[in-house]
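Take a look at the structure set out below.
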Amino acid sequence: MSLANTPRTMNKLDYLRLMMSCREGDKREAILLRQSKGWFHVGGTGHEALGMLAFGLGKNDFLYPYYRDRAIMLARGLTNYELALAYFAKRESSSGGRQRPGHYSSREHNIVSVCTPTGGGLIPAAGTAWAMKLADKGEVTLATVGDAAMRQGEFYEAWAFAVQEKLPLVLVIEDNKYGISTPTEKFMALNLRGVLSEDLVVKTDARYVENVRKVAEDAYAKARAGEGPTLVWADLDRLSSHTSSDDHRVYRDQADIDAMFERDPIKLLADELIAKGELTQAAYEKLGEEIALEVRDEYDRAEQAEDPRSSELFLHCWGEERKAEKPPLEPGSVTMVDAINKTFNKALEEDPNVIFFGEDIEDPKGGVFGMTKGLSETFPKQVFNSPLAEATIVGVGVGMCAYGMKPVFELQFVDFICPAWNQIVTNLSTTRWRSFGGWSTSMVVYAPYGAYFGGGSLWHSQSNESWLCSLPGIKVAVPSTPEDAAGLFWTAIQSDDPCFVLVPKHVFRVRRDVEKVEPLPFGKAKVVREGSDVTVVGWGNTVHLAEQAAEKLQGEVSLEVVDLRSLVPCDYETVVESLRKTGRLVVVQEDTRTCGFGQAVVSEITDRQEWFSLLWSAPRLLSRPDVHIGFHPAYEFEALVSVDELVEACRAAMD
């Protein structure tokens, strides 16, 4: 462990002051809310002793906190003024006013931005811990979560991965016995005998500072020694209601509440210091008065700080735009799989921070379609098989991004994206924006995609790009040629943003003569066939459908085929330039009609008067109807757009 990562220490009298400052901040926010100053408050009362967890951490260690961890934040180095800025949702706050109070974030202190869905940060925490293990610098990740969140499936995935890889992760369960108003005793896994191995669980009465210090010291030492994770069961009380929107007196007896306050961690520490002669009652009371004035002043100052600027709504949606570079592919006869494999190989060779992770991607299999063939043999420290757990795949990638690595992770089929959906929606797409640029998720996720090959059925034939396109903050591309696949992957790997590259299975093995390889940024469409009568817009498999239709209509209707290649961002200008020639638009997609991306294309063109006026006939959209794809090819090809249907649509556009 380097000197820069040496943990700090604090004596108990100073720590009492920190706890009291923490409590006073909670009181101040509650008062301000009653004065209609602010919108929401979530308290950490009763959890203050856990702040001692921060003192065992060094500068380079990471925290994934829980929204009741105000004391840990103060102990880590944040101030009440910074927490006050968050309470008032000010522009200077860690989220720029985009998140509720309690959603801590600090790049300077390695406090990773908190997401609201409980437990949503646990798999990313395991991802950061894995990155630390690979870097081998003796660093530790601390993650905290409430007891109710233990029933989230993502808790089990995170913990299983941490145990499997012996990660330097300390996961603290803050057991205050309630999930809002519901007692958690019968739900929480630690109370269900046999669910978790008790060998890795350490229970402590977290109302006492010394207990927290000792359990943290042991857990961190174990993690730094490479001996794996520890699950800390922190027994404590929530002395307040769940949030300002709750009143715990509705569901808790007053006697129960009174008994809790006898176990108040601040009272326990103050009583200990007074009993030892290190503090007098009078000094304790004076200290409380001083702290109250200090905190009030900090909140008064924060209240006067600048509010968010509405003009900055779109700030930090995207990272820095980098100039696209030529991908590592030479002209010649090649398949899409070959082109992707060559690109991956070069990326791994050039950057040791590029990490591949996915189901069956290691050799000898090299992925179910061979896209990673030979990579794990050549780069055994960068290419790894994942468990059969899509949330783990994406969540781990999010955490590795926080540490500074470049994940390029595979989902075996895009059809299996749903188990990862929480991580995609909660963290991958939102982190940069919600942290006001403090954190980013510059990750590549790729997956085989699409149909037109028969026998795929419901979960091997989907084209669901519209799901991803609807999420702000994610780039989405669907290549149709080997050179475009290489170009888009090369750009995605160097991008600051999370990028999805969906690779159409139907053309995986199609060998094509690549004549020219050029840099390909996201957001650049291509006219793959020039024409004068109808503009046909497609992506992925449907580009080849359009080319076949153009051949059938040769001499009758001249089709100009536009391959979007990138859906987000989308190059509408190239489509419009084509329409200036043809005046007619046909969009063809594999996805379902309702809310498919094709509808977005039609909507954009018809929504702007100057573009709409280019049309000589109504635009047409050809899609799979709103129906699933069945196993028998008869079902599949009935659902999908055919070449003949596209031909007829183009003829109709001429009427």
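Below, the figures for the structure above:
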quantity	calculated
Pairwise centroid distance, computed over Cα atoms, of segment 1-71 with segment 115-153, Å	19
Computed FRET value (nearest 0.05) for PHE631 with GLU610, which takes r as the C-beta separation and R₀ as 56 Å	0.75
Relative packing of peptides 119-129, 582-592, 156-166 - highest average C-beta neighbours within 10 Å first	119-129, 582-592, 156-166
FRET efficiency for GLU377 and GLU515, using Cβ-Cβ distance with R0 set to 35 Å, rounded to 0.05	0.65
Chain lengthening between CYS418 and ARG151 when straightened (0.36 nm per residue, less Cα-Cα)	94.3 nm
Euclidean distance of C-alpha centroids, segment 209-267 and segment 156-181, integer Å	14
Potential extension, ASP258-LYS326 segment - 0.36 nm per residue separation minus Cα distance	17.6 nm
Whole-percent pair-distance distribution, where bins are 20 Å wide, for the alpha carbons of the chain	18, 44, 28, 9, 1, 0
Translational diffusion coefficient (Stokes-Einstein; Kirkwood radius from C-alpha pairs) of segment 332-514 at 25 °C, 0.890 mPa s, in µm²/s	151
Dipole magnitude of the chain, debye to nearest 20 (Cβ charges: Lys/Arg +1, Asp/Glu -1, about Cα centre)	600
Distance from segment 469-541 to segment 340-406 (C-alpha centre basis), Å	21
Nitroxide proxy distance, nm - points 7 Å out along Cα→Cβ at ASN191 and ASP655	6.8
Among the listed pairs LYS342/LYS505; LYS323/LYS524; LYS90/LYS406; LYS59/LYS286, those beyond 22 Å (Cα-Cα)	LYS90/LYS406; LYS59/LYS286
Label point distance in nm, ARG309-SER617, each placed 7 Å from Cα along Cα→Cβ	4.9
Between 0 and 90°, nearest 10: helix 209-224 axis offset from the chain longest Cα axis	40
Segment LEU200-GLU530, extension gain: residue separation times 0.36 nm, minus the distance between their alpha carbons	112.3 nm
Computed FRET value (nearest 0.05) for LEU388 with ASP297, which takes r as the C-beta separation and R₀ as 45 Å	0.25
Long-range Cα-Cα pairs in segment 526-653 (distance over 27 Å), rounded percent	13
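None of the figures in this text is laboratory data; all of them are computed from the coordinates on show. Here the structure is a predicted model, which is why all the values come from computation and not from measurement. For neighbour counting, all protein chains shown are included, and Cβ atoms are generated from backbone atoms with ideal geometry for every residue, glycine included.
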